[in-house]
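*Asks:* Take a look at the following structure, please.
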Amino acid sequence: MDTAFTLLAGSSRRLVAELRDALDSCAERQRQLERSLRVSRRLLRAWEPAETLAPEPTPGPETNEEAPSAACIPSPQDLKELELLTQALEKAVRVRKGISKAGEGNKAPSLKSGSIATSPATRASYPPSTSHRAGSRASETKPPRGILQTRVPTKDLPERRLLSVGDQACMGQGAGATKPKSGLRNEQIVLSAASQAPEAFTLKDKGVGKASGPAWTWPAPPGSRVDPKDWMQEYRCLLTLEELQAIVGQCLHRLRELCTVVEQQLGPWPEGRFPRASLPCGGGADPIWSPQLLLYSSTQELQTLAALRLRVAMLHQQIHLEKVLMAELLPLVSKQEPLGPPWLALCRAVHSLLCEGGQRFLTILREDKPAD
Amino acid sequence: MGRRRRRRRVDPADAARALPEAIAALSQTLPAGPSPETFRRAKFDRPEAAPALWRLLFRVLSPQLADGVSASFSPEAQVRSVKLALLTQGYPRRALAQLPDDGSQGGRELLLALAWLLARGPLPERLLIQNRVQLGDEMPVCECEALASPGPPAPSVEADGCVDIRHLQWLMGKLRFRWRNLMASQQEQCALLGKIHSYTRGCHSDRSLGHLSVTETELLRDPEGGRQLLRRLERENARLQAALEWRRRELVFWRWMVGGRGPQWSAARTALREAVGQDLAALRQACERGGGCSLAQPHGPHRLVRTEAGAPGGPGLRAPEVIEALRSQEARLEVVLRQLQGQCRQELARLVGAPPGPVWILPPGR
């Protein structure tokens, strides 16, 4: 009886591999999610100490949070570190701007004064944990509203100062001196790199390309008069243009057909009443390096969105598995000796997997021959 | 090898350095990039260069793996993963698939494969984008990334011999359970994020954001975390600068790789044609599917920003719009799944045969 349930080696390898793959990708998502959960729980513990959050398996990192900070006002050391961090973040923004503008040959990437990167550090005159120290009041009210009140005028940022309440003497202009200089130098390198990009290598003119240095005995390619990279770019552009031309032609054709149909039925096409496509409008910002925003107004909304996204992912996976199972299991059923009890059991199992997602089983009634 | 007459404008020493510097820039921008010397050895097909190139290709083709996870793959598993990934992407040369699994040979073939990958698209930039430091709490609004990257074959995938169909049923059940867990964890994470966002309202100097993200809150709480973030940003800066250097210098590399060699040039050309064809086919499919262009469906990671109810908010996607788009996607996919299941039901009914065969009683609750 059990022999009916065994599968051929070939299909079983593939099926098990596919299912294991699906299980692994699920596990990977779960791992990432749990990493984020640990961080979020830890952060919230300071605001909601009374709430019993989910048990934390790794209590190690949290002990730092509970240890009282040395003073309510951050030390000059902390402020200097924050300033260094601000500079690094500013540099990151600049380099990113440099990357996205290098193609246009823009020689002067401007510092985005309202940039996200610089803001967190500048707000940090008082770390949020101090409000918790302030007393049990913190657990009743929403503490962070009161804390970070200092508003840094953004035009001060290029001077690399942190404005803290009455403590400007601590600002390390001396101690942090080496860092800003190197930062500036790197920025200049980036700028010069970006500005030189349009001047492509013209090695072919100079007849260079032969390895002549002693350490590098690369085989010398024979001189060619056209840069292969240019060729490839050109070729790629040509191919793309050709294909796009074909697509556009088809779309226009279809559009014309639709227009005639609509006009026949409804009258002339109304101007300017196209439904607003939910285009991510980055307002001109490069969507890749500075990600666009997703605005939500309640936790419920966020949860619905996240749940739907997971559901779509799950459906994609289910459809893929369904196709694989169909391809492997249906031939199996058709090849077997029909109508014996083992075969019926196999059919029942296959039906469950293919038609009910493995969740439900059907009942098979068989009429026994009368014993007389 | 006669010397060509060189114009004196370019210092010969600079010219000789140009190629290793170009390769060094490329190597720095890629994960696990080997030294220029290794590239040189690979070109001559020296065996000592092969392992480094296998490792490089593994990291390049599976960028979604964290450093720790990729280290857990044995060299053989890495080799097999690279072969499979290249096959999936349509790499045409069979010689690579025939290289031994122990990773001891094939430097030259691997170098060619790398060049093929580089020619198809902006590979260093894509890798940088994928691994960039994120300051905000980001959530992708589509599943394209997850679907596009086939996971690497699991290290221990051997099903020994035949497998019982009940094992498959068990695996399906396990999968269902994992999805349920995932859903629950995701809901919890959203609730926590919502709280953090509303508690830190007013703390961000960027008015369009208004509140802090988890990373930013951590930054303020924990100086050690701030230092780590600083280090990560510095590393990323270094890679970004290397990427710029690479783009400045890559012509030298291509001359060296391709210059005059017929078969390699046509391989690169074929690669381009395929890549363009694939991109446009995807675009066409997206246009036909759902009756609209793929632009109508929001894509990519977005930074979460909590707004006050009723406030108009600035530029950006609104959650209700994304929810709408996802709901219609969900409905479409459910239809497809039901259709497939219906097909199976009919097929099985046909195979089982007409009465007087056994009677099938379908499960209740449908």
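*Asks:* Within region B:24-71, which helices (runs of 4 or more DSSP H) (wholly inside it) include 3 or more residues that are within 14 Å of chain A (Cβ to nearest Cβ)?
*Replies:* B:36-43, B:67-71
*Asks:* Look through A:Ala313, A:Ala277 and report the one residue that is surrounded by 17 or more Cβ atoms within 10 Å (Cβ to Cβ) and either at pLDDT below 90 or under 23 Å from the mean Cα position of the chain (by Cα) (or both).
*Replies:* That would be A:Ala313, the only listed residue that is surrounded by 17 or more Cβ atoms within 10 Å (Cβ to Cβ) and either at pLDDT below 90 or under 23 Å from the mean Cα position of the chain (by Cα) (or both).
*Asks:* Looking for something farther than 19 Å from B:Val305 by Cα, within 7 Å of chain A (Cβ to nearest Cβ) and among the charged types (D, E, K, R) - is there at least one such residue anywhere in region B:212-221?
*Replies:* Checked region B:212-221: at least one residue is farther than 19 Å from B:Val305 by Cα, within 7 Å of chain A (Cβ to nearest Cβ) and among the charged types (D, E, K, R).
*Asks:* Still on this model: Hey, any hits in region B:303-319 for a residue that's surrounded by 18 or more Cβ atoms within 10 Å (Cβ to Cβ), in a helix (DSSP H, G or I) and either modelled with pLDDT of 70 or more or more than 7 Å from chain A (Cβ to nearest Cβ) (or both)?
*Replies:* Yes: one or more hits.
*Asks:* Right, another one. Determine which member of the set A:Leu43, A:Leu19 is of a type outside the set (Val, Ile, Thr), more than 17 Å from A:His316 (Cα to Cα), buried (at least 18 other Cβ atoms within 10 Å of the Cβ) and under 35 Å from the mean Cα position of the chain (by Cα).
*Replies:* A:Leu43
*Asks:* On the basis of being touching a residue at least 24 places away in the same chain (Cβ under 8 Å) and more than 26 Å from B:Pro364 (Cα to Cα), does A:Leu310 make the cut?
*Replies:* It is false that A:Leu310 is touching a residue at least 24 places away in the same chain (Cβ under 8 Å) and more than 26 Å from B:Pro364 (Cα to Cα).
*Asks:* If you don't mind, another one. Among (1) out of contact with any helix residue (DSSP H, G or I) (no Cβ under 7 Å at 6 or more places or on another chain); (2) modelled with pLDDT under 90; (3) at the interface with chain B (Cβ under 7 Å from one of its Cβ atoms), which single condition is A:Glu51 missing?
*Replies:* Condition (3) is where A:Glu51 drops out.
*Asks:* May I pose another question? Yes or no: region A:287-303 includes at least one residue that is under 28 Å from A:Leu15 (Cβ atoms), surrounded by 21 or more Cβ atoms within 10 Å (Cβ to Cβ) and modelled with pLDDT of 85 or more.
*Replies:* The answer is no; no qualifying residue exists.
*Asks:* Considering each of B:Arg178, B:Arg248, B:Arg232 in turn, give the residue that is more than 7 Å from chain A (Cβ to nearest Cβ) and within 26 Å of the chain's Cα centre (by Cα).
*Replies:* Residue meeting the stated conditions: B:Arg232.
*Asks:* Go through region B:46-62 and give me each residue that's closer than 15 Å to B:Asp101 by Cβ and under 16 Å from the mean Cα position of the chain (by Cα).
*Replies:* Listed by number, the residues that qualify are B:Leu57, B:Phe58.
*Asks:* Being at pLDDT 75 or above, within 30 Å of B:Ile196 (Cα to Cα) and within 7 Å of another protein chain (Cβ to nearest Cβ) is true for just one of B:Arg327, B:Arg345. Which residue is that?
*Replies:* Every option except B:Arg327 fails the conditions.
*Asks:* If you don't mind, there's one more thing I want to ask. What number of residues within region B:18-73 satisfy the criterion of being small (Gly, Ala, Ser) and within 23 Å of A:Ser25 (Cα to Cα)?
*Replies:* Residues flagged as small (Gly, Ala, Ser) and within 23 Å of A:Ser25 (Cα to Cα) within region B:18-73 amount to 6.
*Asks:* Determine if region B:75-92 includes at least one residue that is within 23 Å of B:Leu244 (Cα to Cα) and of a type outside the set (A, V, I, L, M, F, W, C).
*Replies:* Scanning region B:75-92, I find no residue that is within 23 Å of B:Leu244 (Cα to Cα) and of a type outside the set (A, V, I, L, M, F, W, C), so the answer is no.
The values are calculated or read from the model by the stated rules, or taken from the named source; none is laboratory data. Please read these numbers as outputs of a predicted model, since none were measured by experiment. When we count neighbours, we look across all protein chains shown, and the Cβ atoms used for this are built from the backbone with ideal geometry, even at glycine.
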